[in-house]
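The values are calculated or read from the model by the stated rules, or taken from the named source; none is laboratory data. Quick caveat: nothing in here was measured; it's all calculated off a predicted structure. Ideal geometry is used to build each Cβ from the backbone, glycine not excepted, and the neighbour counts take in all protein chains shown. With ligands, DNA and RNA removed, areas are computed over all heavy atoms of the protein, side chains included. Shrake-Rupley method; radii C 1.70, N 1.55, O 1.52, S 1.80 Å.
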Amino acid sequence: MNTFFVLLSGLFALLLLAAVAVSFHVTWRLTHPVRKPIHMEPRDFGIEQVEPVVFSSRETTISLAGWYLSAEKNGRVSNGSTLIFAHGYSQNRLEPHLPALSLAARLVQAGFDVLMFDFRNSGESSKALTTIGLREQQDLLGAIDFAAAKKPEHRLGLVGFSMGAATSLMVGGVDERITAIVADSPFYSLREYLAENLPQWTGLPRFPFNWLILTLCPVLLGANPRDVNPYQAVQQAKKPILFIHGTGDTTIPLANSERLFELTQDEDSEIWIVPRASHVRSYALVPDEYGKRIIAFFEKGREKRK
């Protein structure tokens, strides 16, 4: 009998060790997504004058690469605003689902300067752990620092997509330099979101892998999804936020933006629900309306703050 229990205990220990190993391997893959190439150019979208830029994250060992698109240098009258784009998980500054360069071209034509950059471990920026909005906040702060130093007289706004939308809310909600935020398809809370949707990302059953990935692996990697909570920043934000979300989004369901919108503090905050649009596909579905709504949103804020 004792031998049986020893064998059973050994088998259980091996299964547990295997589950931990699988969980850590999957978590490592999720935090080290394969980089996508920068395969589009601003000139492909009619933006002739482009300034390649490199600047530091607030985490100074991280170098971030991107483009600064000046309205004036592209033959437009500047409206005195710079918009900073923040891309989604495993993407880069191109956010190809839109594509972001198409939206940027519309904004430059309307008189906005646009800063597009790659978060850590994306595009042409430094290698590092991807943390789905945790340490990426330091990158976005670095981008804000860069834009604020380049054009100190400009008003600053954020345009974020998915992970970038959540990061924009967490940073822009509390950074006084940011006057308004557009959040396309953000999540409400990363821990809550992963607890519900992790099996879709990993292909693994909830038990025991959800607990292992969300509890043990954050300790090993030093990055805890419990610390990524856009809703907390939205509750504090004293500025307008425009939420954009599609009814067909099965990656981050519409309810995330609806719950966040309920927490907004500024009377000029809005939510635009796009019928049939899937995840970060609203611009692709209705590009003219998308561009007009964003421009009107930022112009309204600019007029009120004159």
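Amide H contacts for V53 (H built 1.01 Å from N in the peptide plane; partners 5 or more residues away or on another chain; cut-off under 5 Å): G66, W67, Y68.
Each Lys or Arg adds one and each Asp or Glu takes one away; over the other residues whose Cβ falls under 13 Å from the Cβ of I144, this sums to 0.
Could you tell me what percent of the accessible area of segment 142-190 is made up of carbon and sulfur, with a 1.4 Å probe and every protein chain present? Can you show the working numbers first?
On the way: 620 of 1180 Å².
Solvent-exposed carbon and sulfur of segment 142-190 make up 53 percent of the total.
Could you sort the peptides 92-102, 60-70 by per-residue average Cβ neighbour count (10 Å cutoff), highest mean leading? Present the calculation step by step, with values, prior to reporting the outcome.
Values: 92-102: 21.7, 60-70: 19.3.
Top of the packing list down: 92-102, 60-70.
Label point 7 Å out from W28 along Cα-to-Cβ: which residues of segment 129-169 have amide N under 17 Å? From segment 129-169, the list is 129-131.
Any of K150/K239; K151/K238; K127/K300; K127/K292 with alpha carbons more than 29 Å apart? Name them for me. Show your work: numbers first, answer last.
Details: K150/K239 23 Å; K151/K238 23 Å; K127/K300 39 Å; K127/K292 36 Å.
The answer is K127/K300; K127/K292.
Would you tally the net charge around K73, using a Cβ to Cβ cut-off of less than 14 Å, leaving K73 out, and scoring K and R as +1, D and E as -1? Local charge sum for K73: 0.
On a per residue basis, segment 64-218 carries 30 Å² of accessible surface, using protein heavy atoms and a 1.4 Å probe. Surface composition of segment 10-116: carbon and sulfur make up 61 percent of the accessible area, probe 1.4 Å.
Helix content alone sets the calculated 222 nm mean residue ellipticity of the chain: runs of n ≥ 4 DSSP H residues at -39500 (n - 2.57) each, divided across all residues, give -12500 deg cm²/dmol. Highest mean packing first, where packing is the average number of other Cβ atoms within 10 Å per residue, the peptides 283-290, 262-269 line up as 283-290, 262-269.
For I271, the amide hydrogen comes within under 5 Å of the amide hydrogens of F243, counting only partners 5 or more places away or on other chains and with H modelled in the peptide plane.
Please state the shape class of segment 116-202: rounded when a/c is under 1.5, otherwise prolate if a/b exceeds b/c and oblate if not, all from the C-alpha gyration tensor. It comes out oblate by the Cα gyration axes. Using the Karplus relation 6.51 cos²θ - 1.76 cosθ + 1.60 with θ = phi - 60°, the per-residue 3J(HN,Hα) values for segment 283-292 come to 5, 4, 7, 9, x, 5, 5, 4, x, 5 Hz, with x marking Gly and Pro. Using bins of 10 Å that start at zero, the share of Cα-Cα pairs per bin across segment 200-306 amounts to 13, 30, 32, 18, 7, 0, in whole %. In the list (i) 75, 59, 23; (ii) 85, 37, 33; (iii) 56, 47, 38, the label attached to Cα extents along the principal axes in Å as derived from the coordinates here is (ii). Atom-type composition of the exposed protein surface of segment 231-302 places 49 percent of the accessible area on carbon and sulfur (1.4 angstrom probe). F55 contributes about 20 Å² of solvent-accessible surface, heavy atoms of the protein only, 1.4 Å probe. Considering only G80, G160, G173, the Gaussian network model of the chain with Cα springs below 10 Å gives its largest mean-square fluctuation to G80. Under 12 Å from the Cβ of P287, count the other residues' Cβ atoms, weight Lys and Arg +1, Asp and Glu -1, and hand me the total. Summing Lys/Arg as +1 and Asp/Glu as -1 gives +2. In terms of accessible area, using a 1.4 Å probe and ignoring ligands and nucleic acids, R293, R155, R120 rank largest first as R293, R155, R120.
A simple spin-label model places pseudo-atoms 7 Å from Cα toward Cβ; at N2 and W201 they are separated by 4.7 nm.
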